[in-house]
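Reading through the structure tokens given below for one structure.
The values are calculated or read from the model by the stated rules, or taken from the named source; none is laboratory data. In this text the structure is predicted, and so the values were computed from the model without any measurement. Here the Cβ is made from the backbone with ideal geometry for all residues, glycine too, and neighbour counts use every protein chain on show. Only protein heavy atoms, including side chains, enter the accessible area calculation; ligands, DNA and RNA are left aside. Shrake-Rupley method; radii C 1.70, N 1.55, O 1.52, S 1.80 Å.
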Amino acid sequence: MNNHPNAILLQVNGEAQSCPMGTTLPQLLQQLGMDPRLVAVEYNGEILHRQFWDTTIMATDDRLEVVTIVGGGL
């Protein structure tokens, strides 16, 4: 975790994470090594539609569940 004085703490998939204040959702996903194009995000208990990702700024105690989208099928 980042111990920077301007870092915030949040939960991602049940694990504590930190990021700098002002981090947007796509920036956080990239920081965590996830491709924003290949995931779905539940943000504080609600599915967050992709159109809102760029304007969603992470805040202390936010809870995210990130699910990787897997292509394929029969």
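One line per residue, one yes/no per condition, for (1) in contact with a helix residue (DSSP H, G or I) (Cβ under 6 Å, 6 or more places away or on another chain); (2) open to solvent by 30 Å² or more (accessible area, probe 1.4 Å); (3) free of Cβ contacts under 8 Å to residues at least 12 places away in the same chain; (4) of a type in the set (Val, Ile, Thr):
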| position | (1), (2), (3), (4) |
| --- | --- |
| Asn6 | no, yes, no, no |
| Pro20 | no, yes, no, no |
| Leu28 | no, no, no, no |
| Gln51 | no, yes, yes, no |
| Ala59 | no, yes, no, no |
| Val67 | no, yes, no, yes |
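Could you list, in sequence order, all residues of the stretch 30-49 that are out of contact with any Phe, Trp or Tyr (no Cβ under 9 Å at 6 or more places or on another chain), surrounded by 12 or more Cβ atoms within 10 Å (Cβ to Cβ) and assigned to a helix (DSSP H, G or I)?
Hits for the stretch 30-49 are Gln30, Gln31, Leu38.
Quick test of your reading of the structure: Asp61 fulfils all but one of (1) assigned to a loop (DSSP other than H, G, I, E, B); (2) more than 18 Å from Ala7 (Cβ to Cβ). Name the failing condition by number.
(2)
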